[in-house]
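To start, the structure under review is shown below, and the notes come after it.
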Amino acid sequence: MALAVLHQLREIGVRIALDDFGTGFSSLSYLQRFPFDKIKIDRSFIKDLCAGGSSSIVQAVVTIADARNMVTTAEGVETKQQLELLRTLGCTQIQGWLFSAARPAWEIRPMLGGRQVHSTMG
């Protein structure tokens with residue numbers, strides 16, 4: 001049932017993200033069965049990235065996502081070193097405290113210099 005609904009949503013243009021990939025109940029089989037457009041890599045992998053503990057895992061996720069035409073977003077980026085390594089690994093989007101704390105929607109437009117803000121997947 002859920003799979004059919006996700007496919008119907010995708011058919012009408014809704015983009016679908018798998019959040020916190022690598023934790024909880026997420027598994028590689030989800031990437032094969034569900035119509036995801038984006039994988040959000042959980043911050044727990046980013047935290048240990050520069051210590052070498054998880055760089056191979058992040059690289060594997062990025063490679064799989066790229067092969068399936070999915071965007072990858074690294075959550076919880078706090079240092080320039082993490083940012084540079086994620087760029088090297090090919091991660092396509094980055095979010096975290098390095099750029100800004102979480103903000104309410106009404107604060108975003110001034111942060112972007114008044115440019116029009118289009119809603120996208122988080």
Output for the range 98-114, where each listed residue is within 19 Å of the chain's Cα centre (by Cα) and of a type in the set (Lys, Arg): 103
Test for residue 77: is it under 13 Å from the mean Cα position of the chain (by Cα), in a loop (DSSP other than H, G, I, E, B) and surrounded by 16 or more Cβ atoms within 10 Å (Cβ to Cβ): yes
Residue 87 being within 27 Å of residue 2 (Cα to Cα), out of contact with any Leu (no Cβ under 8 Å at 6 or more places or on another chain), surrounded by 11 or more Cβ atoms within 10 Å (Cβ to Cβ) and at pLDDT 85 or above: no
Unique residue being under 21 Å from residue 85 (Cα atoms) and surrounded by 13 or more Cβ atoms within 10 Å (Cβ to Cβ) when the list is 45, 34: 45
Hey, residue 10 surrounded by 15 or more Cβ atoms within 10 Å (Cβ to Cβ) and either outside any helix (DSSP H, G or I) or in contact with a Pro (Cβ under 8 Å, 6 or more places away or on another chain) (or both) or not: yes
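The values are calculated or read from the model by the stated rules, or taken from the named source; none is laboratory data. If you're wondering where the values come from, they're calculated on a predicted model, not measured in any experiment. Virtual Cβ from ideal backbone geometry, glycine too; neighbours counted across all protein chains shown.
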